[in-house]
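The values are calculated or read from the model by the stated rules, or taken from the named source; none is laboratory data. Since the structure is predicted, the reported quantities are computational estimates derived from the model, not experimental observations. Please note: Cβ atoms are built from the backbone with ideal geometry, for glycine as well, and neighbour counts cover all protein chains shown.
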Amino acid sequence: MALHVIVGAGPVGRTVARQLAERGEQVRIITRSGSGPEHPAIERVKADATDADRLSELTTGATVLYNCANPPYHRWPIDWPPLADAMLSAAKATDAVLAITGNLYGYGPVDGPMTEDLPLAATTRKGQVRAKMWNDAVAAGVRVTEARASDYVGPGAASVFSAVILPAMAKGRTARMPADIDLPHTFTYTLDTARTLVTLARDLHGGSSRSAGGPR
C-alpha cells in the first residue's frame with residue numbers, strides 16, 4: 001500500500017482520491033479547508049500548499065504528488081506561481097512523481113486539432129502561466145507527467161456544457177451556446193481525467209517525463 005498525496009479537492013482531486021482509496025492505496029488530500037471525500041483510507045489535511053516546507057513534510061514517503069488544485073481563472077498569474085513552485089519543491093525533496101492536472105491553455109492558437117506533440121506557444125497570460133508550469137517542472141529534472149483536458153463534463157464539472165447546455169436539454173428547452181456550434185470541440189469527462197492521471201503517474205514510477213492531451 002503506497003502513499004499518494006493530492007493537493008486540491010475539486011472534481012478531479014476528489015475522484016483521484018476515491019479511485020486510489022478503492023484500490024487499497026493510502027491517500028492524503030490537502031486543502032486550505034481540510035475538505036475532501038470521506039473514506040477510511042483517505043486522510044484529509046488542512047494546510048497551505050504554497051508552504052513548500054510544510055508540503056514537503058506532508059509528501060515525505062509518498063509515491064506520487066498530484067496537483068489537482070485549480071485557483072480561480074482571474075487569479076492564475078498570482079496564485080499559480082507560488083503553488084506550482086511549492087509542489088515542484090516538494091516533489092524534488094521527496095522524489096515523488098509529480099502528476100499535474102493540466103488543460104489546453106498552454107498550446108495557444110492553433111489551426112487544427114490539439115495534440116500532445118504541439119509546442120506550448122501560448123499568447124495569453126493564463127496560457128503562459130500553464131506553459132511555464134510544465135516547462136519549469138521538466139527543467140527541474142523531477143519525474144513529472146501531465147494529463148491535459150478540455151472543457152469538463154461529468155460529476156462536479158463547471159463548463160459551458162454542464163452549466164448551460166445540459167440544464168436546458170434536461171428541461172427540453174433550446175440550448176444556446178456562446179460559440180460556433182459547427183466547430184468540432186472535445187469535452188473531457190472528469191472521471192476519465194482522474195483515471196488518466198492515476199495511470200500516467202503509475203506508469204512513470206520507473207519512467208521519464210511525459211504528457212498526455214486529447215485533441216480538441
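Would you confirm whether any residue within region 159-167 is assigned to a loop (DSSP other than H, G, I, E, B), at pLDDT below 75, out of contact with any Cys (no Cβ under 6 Å at 6 or more places or on another chain) and within 23 Å of residue 7 (Cβ to Cβ)? Yes; the residues of region 159-167 include at least one that is assigned to a loop (DSSP other than H, G, I, E, B), at pLDDT below 75, out of contact with any Cys (no Cβ under 6 Å at 6 or more places or on another chain) and within 23 Å of residue 7 (Cβ to Cβ).
Residues in region 141-157 that are more than 17 Å from residue 108 (Cα to Cα) and in contact with a Lys or Arg (Cβ under 6 Å, 6 or more places away or on another chain): 142, 145. If the condition is being at positive phi and without any contact (Cβ under 8 Å) to a residue 60 or more places away in the chain, then region 2-38 contributes 24, 34, 36. When 116, 146 are checked against the criterion of being in a strand (DSSP E or B), out of contact with any Cys (no Cβ under 8 Å at 6 or more places or on another chain) and of a type in the set (Asp, Glu), 146 stands alone in meeting it. Cβ-Cβ contacts under 9 Å between residues 6 or more apart (or on different chains), taken from a first residue in region 104-133 that is within 19 Å of residue 187 (Cα to Cα) and loosely packed, with under 11 Cβ neighbours inside 10 Å to a second residue that is modelled with pLDDT under 95 and of a type outside the set (Gly, Ala, Ser), are listed as 112/215. Of all the criteria given as (1) assigned to a helix (DSSP H, G or I); (2) modelled with pLDDT under 80, the one not satisfied by residue 193 is (2).
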